[in-house]
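Presented below is the structure to which this report refers.
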Amino acid sequence: MRAATNRFLLAFLVLTSLATTAAAQATSTSSSDHDGFWTRWFKRSDKSKAEQPHWITPLATTTPRLEQEFRYDINWSQAKPGAAYTETYGNTKGLELIPFENVEVIFGIPPYIVHNSPTVKNGWGDSQLLIKYRILSANAEHGDYILTAFISSSFPSAGYGNGQTNAIITPTIAYGKGWGMFDMQGTFGAAEPGGNTSAIGRTYTWNHTFQLHTLERIWPELEINQSWFSGGKNDGKEQTFLTPGVVIGRMALTDRLGFTVGAGVQIAVSQFHTSDHNIIFSMRFPF
C-alpha cells in the first residue's frame, strides 16, 4: 500500500507540473498574440463546450460531452476477497482535445499494470485512440441534452501479456439528458477485434450513470456497468457492476486551468465477474 501511495504522489506532482506549464503557455500566447493559433483554438473549444450540458464526467462511463483536459486515473482491482490487488496506473486515460467544433480526440496513454504477484510480470498495457462526434446537443437553457457517436481503437503495444494480441475497434453511441440538478449519461458499445476473434471474443458494453449536482461542486453518482461476452474465454457470460462514487469539481487553479477529482468503487452484483470489486481514483485538469 505504501508503494501505491508513493506512485500516486509522484504521478500527481508530475501531472500538476505539466498542467500548470500548459496553462501558463496558453495564457502567455493569448496575451501576446490575440489572433494566434491558441487564441483561435480556445475560442472554438469554449464555444463547443458552451453549446452542451455542463455536467461533470462520470468515473467509469465515458461522457457524451466534449471535454478538453488531461485525465489520469488509478484503479485497484481485486479478483476475489483476500487476493492481491492489481494496480493500473493511467487506465488508458490521457490528453483530450477539441480540434473542431463538434469533434473531440482522446489520446489514451498506455497504462502501467502492477500485478503484485511473483508469477505475473508488471508492464505497460495497450494504447488507445478515441474520436467523438457530437450529433446534437443543447445546454441547460435550451433543453439540456446530448447525443454523440464514438469510435475507439486499442493498439497492441503491451508487453508481458498485459494487453491484447490484436487491435480492437469499438463503435459506441452515447446519450445524456438533464433535469435541473439531476442528469443521466450513458453509452452502448460493441468491441470488435481486428483478428484472432475466436480467442479474444466480442464484448458488448452498456454503461449508465445517474448523477446529482449538489453544493456547487459536488456530484454524487451511481453507475451501472454491464458487459456481455460472445466468443473467447468468457463466451456466453454476462457481468454487472454497480458503481457508487462522487466527483468534485471543477475547481479553478488559474483563469483557464481547473482541477477535478473523483473516487468510487465498482461492486460486482452478477454471479459471473472477472473481478470482485474495483476502486477508481480519477484526476482531471480541464482547460
(request) Working with all protein chains in place, sort THR214, THR148 by solvent-accessible area computed with a 1.4 Å probe, largest first. (result) THR214, THR148
(message) Could you tell me the ratio Rg/Rh of region 85-229? Both radii from Cα atoms, Rh via Kirkwood.
(response) 1.02
(message) Quick check for me: using +1 on Lys/Arg Cβ and -1 on Asp/Glu Cβ, what's the dipole size of region 75-155 about its Cα centre, in debye to the nearest 20?
(response) 400 debye
(request) Could you list the chymotrypsin sites (Phe, Trp or Tyr not before Pro) in region 147-253 that lie in coil according to DSSP, counting only those with at most 16 other Cβ atoms within 10 Å of their Cβ? (result) TYR160
(request) Return a whole-number percent for the relative contact order of region 69-169, with Cα pairs under 8 Å and 6 or more residues apart as the contact set. (result) 20 percent
(request) Starting from the residue with the highest accessible area, list HIS115, HIS273, HIS54 in decreasing order, probe 1.4 Å. (result) HIS54, HIS273, HIS115
(request) Report, in debye and to the nearest 20, how large the dipole of the chain comes out about its Cα centre when Lys and Arg carry +1 and Asp and Glu carry -1 on their Cβ. (result) 440 debye
(request) Could you pull out the GluC sites (Glu not before Pro) across region 62-162 that fall in loop regions by DSSP (anything but H, G, I, E, B) with no more than 14 other Cβ atoms inside 10 Å? (result) GLU101
(request) May I ask for the longest run of the chain untouched by trypsin sites (Lys or Arg not before Pro) that are loop-located per DSSP and have at most 15 neighbouring C-beta atoms (other than their own) within 10 Å? (result) 1-120
(request) Taking the Cα centre of region 163-254 as origin, work out the dipole magnitude from +1 charges on Lys and Arg Cβ and -1 charges on Asp and Glu Cβ, in debye rounded to 20. (result) 100 debye
(message) I need the phi-derived Karplus couplings for region 115-126: 6.51 cos²θ - 1.76 cosθ + 1.60, θ = phi - 60°, integer Hz, Gly and Pro marked x.
(response) 8, 6, 9, x, 9, 10, 7, 6, x, 7, x, 6
(request) Compute the accessible area per residue over the chain, keeping the other protein chains in place, probe 1.4 Å, unit Å². (result) 49 Å²
(message) Using only the Cα atoms of the chain, what are the Rg and Dmax in Å?
(response) 19.1, 60
(message) Distance cut-off 31 Å, Cα to Cα: go down the list LYS43/LYS132; LYS49/LYS93; LYS49/LYS121 and report the pairs above it.
(response) LYS49/LYS121
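The values are calculated or read from the model by the stated rules, or taken from the named source; none is laboratory data. Predicted model, so just to flag it, every value in this text is computed and none were measured. Every residue, glycine among them, receives a Cβ derived from its backbone with ideal geometry; neighbour counts consider all protein chains shown. Accessible surface is based on the protein model in full, side chains and every heavy atom, while ligands, DNA and RNA are left aside. Shrake-Rupley method; radii C 1.70, N 1.55, O 1.52, S 1.80 Å.
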